[in-house]
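Just so it is clear, none of the values below were taken in a lab; they were calculated from the coordinates. Since the structure is predicted, the reported quantities are computational estimates derived from the model, not experimental observations. No Cβ is skipped: glycine too gets one built from the backbone with ideal geometry, and neighbour counts run over all protein chains shown.
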Amino acid sequence: MHRKPFLPTKTCPVCGRPFAWRRKWARDWERVVYCSERCRRQRSAARKESDA
């Protein structure tokens, strides 16, 4: 039986939510930073707000 709690997790720097490893990220898990495409697109907006 597959158990999700044992998958590695990271925290998204844009929304602050934790996200778990996905099979499609298997090769690039070290480089995955954002939980979704939406957060990836909003990264520059989040950076600008924190600089102000």
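Worth pointing out:
- Backbone phi angles across the stretch 27-32, fed through the Karplus curve with coefficients 6.51, -1.76 and 1.60 (θ = phi - 60°), yield HN-Hα couplings of 6, 10, 4, 5, 9, 6 Hz in residue order; Gly and Pro are listed as x.
- For 24, 10, order by how many other beta-carbon atoms lie within 10 Å, fewest first: 24, 10
- Neighbour counts of C-beta atoms inside 10 Å place 15, 35 in the sequence 15, 35, starting with the fewest.
- Potential lengthening between residue 10 and residue 27 on full extension [0.36 nm per residue; Cα-Cα distance subtracted]: 4.6 nm
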